[in-house]
Each structure stands twice: as C-alpha cells, then as structure tokens.
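The values are calculated or read from the model by the stated rules, or taken from the named source; none is laboratory data. This structure is a prediction, so every number in the text was calculated from the model and none was measured. FYI the Cβ positions are ideal-geometry reconstructions off the backbone, even for glycines, and counts take in every protein chain you see.
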Amino acid sequence: MIARMRDVLDGQLGRVTMYRLATILLLLLAAVMIGYTAAGTFTDPFTVRAELVSLAVLVAASVVSSRALGLVWRVRPHTESAVITALLLWFLFWPTTDGVDLAWLAATAFLANLSKYVLAWRGRHVLNPAAAGTVLVIVVQDLVGRDAPINATWWIASEKLLPYVAVAAVLVLWRTRRIDIGLLFMITAFGLSVWGMAAGAFDVPFGDAVRMAAYSFPIVFAGAFMVTEPLTLPPRRVQQLVVAVVTGIFFATAPLLALVEETAPSIGVVSLALPEVAILLGNLVAFAFARRRGLALELAGSRQLTAETHELTFRSRRPVRFVPGQYVELSVPHGGVDSRGSRRTFSISSPPAADGTVSVALRVPERSSSFKRALLGLEPGRTIHGTGVGGDFVLPADSSVPLLLVAGGIGITPFLSQLRHESHRDAVLVYGASSPDEVPFVEELAGVRVVLVCPGRPAGLPDGWTYVEAPVLSPEVIADAVPDLADRRAYVSGPPAMVNSVRPGLRKRCRSVQTDYFTGY
C-alpha cells in the first residue's frame, strides 16, 4: 500500500518540473490567503484588493526586470524563476495599495533579479534572490533616506496558513528529493527556537514557546522554498545537510535576537536578526563548501541510438569536473515552453575527460516535452548553459567492493559513466529494457557482465551477456540471475516506479542499496 502511494505521488508530481510545481504551490497558497481575507479571517492591512495589486506589481516587475537584465547580460532569462521570486516576495511583505510602497516592492523584485547576475560566480547566483532582494531594498531605502521604509514581515508565518504551508512543503521537498535537508533545517531551527525561549533568558512557558515557534516563525515556508533552493546548495548530500544545520542555527537566532532588539547585532542598517539574513549566511556557507560554476557547453554532435534514445555530446572550454554517476542541469530557453520548463537534469553518460567533453542521453517518446524537442533541435556549434553539476549516486571509493548495478531504461546513463571510467570493478549490471528495440549502448557495454531483462530477445547480444525473458524488473528476477547478492552493494537507477518496486526486495538481499531517480522524464 505504501509503495503504491509512493508510486502515485511520484507519477503525479513527475508530470511537471520542479519550477512549475513550486509556482503552482505558491499560487495555491496565495489563493488560500486571498480566500481567507475575503472571508474576513484576516483584516488590516490585508484586503483582497491590496493583495491582488501587490501580487500583480511584484510579478510584473520581476518578469520585466528579468527580461531586461537578460538583454543586458545577453542571456535568455528563465521566466518561471522570476515568477517564483515574485511569489516568494509576496509572502514576505505587507500587501499595499500605496503607490510609493508599490514602487518599492517593484524595486525589491528588480534587486532580487539583479542579484542573480551581479552576485554570481561563473554563471550561477550565489545568494537566494528573494532573500537578497529583501536585504538590498533595506540598504537602498537607507541610502536615499526614506523615513518609512518597507521591510519584510514574513506574514506567511500564521496559525491559519501553517497546515497549507506544511502540505506544500511536503510536496515540493518530495519532488526535489530533499525531504531530509528540509526536515533537518526545520528541526534545527524549531528546536533551538523553542529551547531559546523556554530554557533561555526569556523564560517563556514551553507550550507557548512551541506555539510561537510553529505559528510566528516562517520555518516551514523557508525550509521548503528558500533554504533548499537547488541553485544555492552545494553539490554533495553531506555538504547540503551541513548547510541545513548551519542555516537552521542562524535562523533560530533571528527571532530570539528580535525579542531583545537592543542587543541584536547588525551590519550597517541590516540587522542580523532577520530571517532573510540567516538564509543569506547559509548561502555563503554553501558557497564556501563548493564554488559552484556554470558551464558554457557547445554542442559537438548527437547520435540516435534507438527509435527513442539519443545521445548528445557537448564540449566545454574548461574540463567539466564531476564524479561518474553525477548529473548536470541544462538550461535551454526556447519559445512555446510547456509545463516541463526550460531546465532539466541529466545523468552524465560519459567518463571525465581532459578535453572538456561531456555527454548526456535522453529518451524522446513520440509525444515529448518542448524542452527535449528544443534540445534535439540544436545545431552543432550552438552553446547552451549548464547550471551546475551535482549528485551523490557515486560508487564506493574502495574499488574492491562487489557491486550490483540495476538500470531501468534510460537509467543506464550513470552506470555508463562509471563503467567507462572504471571497467575493472567487480560489477554485475542488470539492465531492464521495455522492448528488444530499446536497448542502447550495447557496444559500449561489451565486455561488461550484463543481465538483460526484456520481454523479447534482441538480436546480436555481445558474448558474456545473459538474457532473461521477463516483462519487468523485480527483486526475484534479479536474485535468480545474480545468486551472490548478499556480497554486493546495490545501486538502482531508473523511473520511480521501477526503483520503488525493486528497492525493498534488494534491501533484504544486498549489503546496502543506493537509489537514483529519473523523476518526470
């Protein structure tokens, strides 16, 4: 039952990109808030008119400024990212219909988008744009001497809204596979906040401290939509978990210091007790862990491997640093973008190369996304951007450890990189294919111990391959084909339904199991 629910959740969330899901969830939260306001649950300064006007101004300012800045920097901006930034800002500032305040809200959206280009390192922004814009507008208002500046109030922290925010948090963290990171941040920030109020100098009753931390501090919202933002996280999981804890510590100090405002330290006019400052400090820790670099990738060539499988090879001016098994996120802005967006992650199928070449493989069904059509439509010599490399689906450092590699369909790609890089490992690859016509990379895997699981037998299988006739991969099929599972560490890559179906059985049979998902492909 649990596995079935997990499959359904993966399937439904996988229909849209991470960016589109965040947009949808933020819009739904906005609709809930506007509905509450219309019903009279929230009063001044909340009015439906003020909320709608503020939202329209923020979205328009963010999208327009994003496109204008893209022209200045000669890049095609990601419109949906600009929309998400505007929606985040909407939940931070009081809604208003005052013309001057609206102008400053628009300036905040502009500064947030400007931070993506100015506060950047090798093509990737260092700081969360919404948090950066919120801090920058404080500085700018002080520079011009504004007497009544707008400041972020984080009004999203509310008892009425918390259940909706919590559901949205679960969905977005599940989709991005960052539940552990988000929870670690939330537990750290919540625990320290409660402890600081109940056991510290404030002497707040424990129950009141719990309620205050839950309802008055934007811990859940920030953890789901800002702290775990992928472009500001370091590439490895352990690093991400450390950043979650450190950011949680920074975040917990903000409300506690605000309770004793006279002692709150500051840098100029910016108080270090602000939640947005805590997020930015966490971003700097992440940047210190690994200086994320954007990639300029020139298409060197492409080849069609099967009716539905293609491999594209790119060339970078500098070597692409990655560990076999990691992924690269590609950005391909194009017209007519569908719900899948203009950014996608792909496991790298080639081994590390000194000449800067990197290859990715993708399955392109008859009804494919606009992104895949645009990617396949690129002409050789065209340059696109990779927004970073990351992932922890890497083989153990000890090359003597026996391995079981289980691939479903295009899930073969990380194993291609690994086996091309270290062909001497004791590894058995169980390769599940949907049909005998969809078995790419046969030549590349010649010499590897492969168990091919397929409904029909393909012609011309290499010597040493074992064919097993079966409709789908299952733990029983794998156990029959690989009798020494108990001695092997298992690595499983492929569609969520396949991964979810084989993982429980392999955990009972193998030394350990590590999984990789191709969600939404």
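Quick one: in the range 169-187, which of the residues that are assigned to a helix (DSSP H, G or I) and touching a Phe, Trp or Tyr at 6+ places or on another chain (Cβ under 8 Å) is nearest to LEU92 (Cα to Cα)? Looking at residues that are assigned to a helix (DSSP H, G or I) and touching a Phe, Trp or Tyr at 6+ places or on another chain (Cβ under 8 Å), I get ALA169. All of LEU192, LEU231 fail the test of being over 15 Å from the mean Cα position of the chain (by Cα), part of a helix (DSSP H, G or I), among the hydrophobic types (A, V, I, L, M, F, W, C) and not assigned by TED's automatic domain parsing to the domain that holds ARG344, apart from LEU192.
Yes/no matrix, rows are residues, columns are (1) over 20 Å from ALA130 (Cβ atoms); (2) of a type in the set (S, T, N, Q); (3) modelled with pLDDT under 95:
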| site | (1), (2), (3) |
| --- | --- |
| VAL204 | yes, no, yes |
| ALA209 | yes, no, yes |
| MET212 | yes, no, yes |
| PRO235 | yes, no, yes |
| VAL246 | no, no, no |
| PRO255 | no, no, yes |
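Contact map, the range 21-41: first residue at negative phi and in the same structural domain as PHE221 (by TED's automatic domain parsing), second residue among the small types (Gly, Ala, Ser) and assigned to a helix (DSSP H, G or I), Cβ cut-off under 8 Å, separation 6 or more or different chains; pairs are LEU25/ALA168; LEU26/ALA168; LEU28/ALA168; LEU29/ALA168. I'd like to check something: does the range 210-228 contain any residue that is part of a helix (DSSP H, G or I), charged (D, E, K, R) and on the phi < 0 side of the Ramachandran plot? Looking for residues that are part of a helix (DSSP H, G or I), charged (D, E, K, R) and on the phi < 0 side of the Ramachandran plot, one finds at least one in the range 210-228, hence yes. Within the range 100-123, residues that are assigned by TED's automatic domain parsing to the domain that holds LEU88 have Cβ atoms under 6 Å from residues that are in a helix (DSSP H, G or I) and surrounded by fewer than 16 Cβ atoms within 10 Å (Cβ to Cβ) in these pairs: TYR117/TRP73, counting only partners at least 6 apart in sequence or on another chain.
How many residues are within 20 Å of GLN514 (Cβ to Cβ) and in a strand (DSSP E or B) when one looks only at the range 454-493? Of the residues in the range 454-493, 5 are within 20 Å of GLN514 (Cβ to Cβ) and in a strand (DSSP E or B). Give me a count of the residues in the range 410-425 that are surrounded by fewer than 23 Cβ atoms within 10 Å (Cβ to Cβ) and touching a helix residue (DSSP H, G or I) at 6+ places or on another chain (Cβ under 9 Å). So the answer is 1.
Every residue, every condition in (1) among the aromatic types (Phe, Trp, Tyr); (2) in contact (Cβ under 8 Å) with a residue 60 or more places away in the chain; (3) in contact with a strand residue (DSSP E or B) (Cβ under 7 Å, 6 or more places away or on another chain); (4) surrounded by 17 or more Cβ atoms within 10 Å (Cβ to Cβ), yes or no:
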site: ALA459; (1), (2), (3), (4): no, no, no, no
site: SER474; (1), (2), (3), (4): no, no, no, no
site: ASP480; (1), (2), (3), (4): no, no, no, no
site: ASP484; (1), (2), (3), (4): no, yes, no, no
site: ALA490; (1), (2), (3), (4): no, yes, yes, yes
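Which pairs do you get when a residue that is more than 21 Å from PRO45 (Cα to Cα), found in the range 132-161, comes within reach of a residue that is assigned to a loop (DSSP other than H, G, I, E, B) and of a type outside the set (Gly, Ala, Ser), reach meaning Cβ atoms under 6 angstrom, with the pair 6+ apart or on two chains? Sorted first by the residue in the range 132-161, then by its partner, the pairs are GLN141/PRO149; ASP142/VAL269. Considering the range 14-49, the residues that are of a type in the set (Ser, Thr, Tyr) and under 22 Å from the mean Cα position of the chain (by Cα) include one that is modelled with the lowest pLDDT, namely THR17. Is there a residue in the range 193-208 that is within 21 Å of LEU241 (Cα to Cα) and touching a residue at least 24 places away in the same chain (Cβ under 8 Å)? So far as the range 193-208 goes, yes, one or more of its residues are within 21 Å of LEU241 (Cα to Cα) and touching a residue at least 24 places away in the same chain (Cβ under 8 Å).
Taken together, the residues in the range 412-440 that are part of a strand (DSSP E or B) and either under 28 Å from the mean Cα position of the chain (by Cα) or among the polar types (S, T, N, Q) (or both) amount to 2. If the condition is being β-branched (Val, Ile, Thr) and closer than 28 Å to LEU297 by Cα, then the range 108-142 contributes VAL118, VAL126.
Kindly indicate whether VAL242 is of a type in the set (A, V, I, L, M), under 18 Å from the mean Cα position of the chain (by Cα) and at pLDDT 95 or above.
Judged against the criteria, VAL242 is a match.
Restricting the range 83-99 to residues that are touching a helix residue (DSSP H, G or I) at 6+ places or on another chain (Cβ under 8 Å), more than 29 Å from GLY336 (Cα to Cα) and free of Cβ contacts under 8 Å to residues at least 60 places away in the same chain, which is surrounded by the most Cβ atoms within 10 Å (Cβ to Cβ)? In this case the residue turns out to be PRO95. Of the residues that sit in the range 374-385 and are outside any loop (DSSP other than H, G, I, E, B) and surrounded by fewer than 23 Cβ atoms within 10 Å (Cβ to Cβ), which one is modelled with the lowest pLDDT? Residue satisfying both the conditions and the ranking: HIS385. For first residues located in the range 364-380 and in contact (Cβ under 8 Å) with a residue 40 or more places away in the chain, partners that are in a loop (DSSP other than H, G, I, E, B) and aliphatic (A, V, I, L, M) and lie 6+ apart or on another chain with Cβ distances below 7 Å form the pairs ALA374/VAL332; LEU375/VAL332; LEU376/VAL364. PRO455 satisfies every condition listed in (1) buried (at least 22 other Cβ atoms within 10 Å of the Cβ); (2) free of Cβ contacts under 8 Å to residues at least 24 places away in the same chain; (3) closer than 30 Å to LEU9 by Cβ except (1).
Total residues in the range 343-354 satisfying the condition of being polar (S, T, N, Q) and in a strand (DSSP E or B): the figure is 2. Scanning the range 326-342 for residues that are touching a Lys or Arg at 6+ places or on another chain (Cβ under 6 Å) and in a loop (DSSP other than H, G, I, E, B) yields PRO333, SER339, GLY341.
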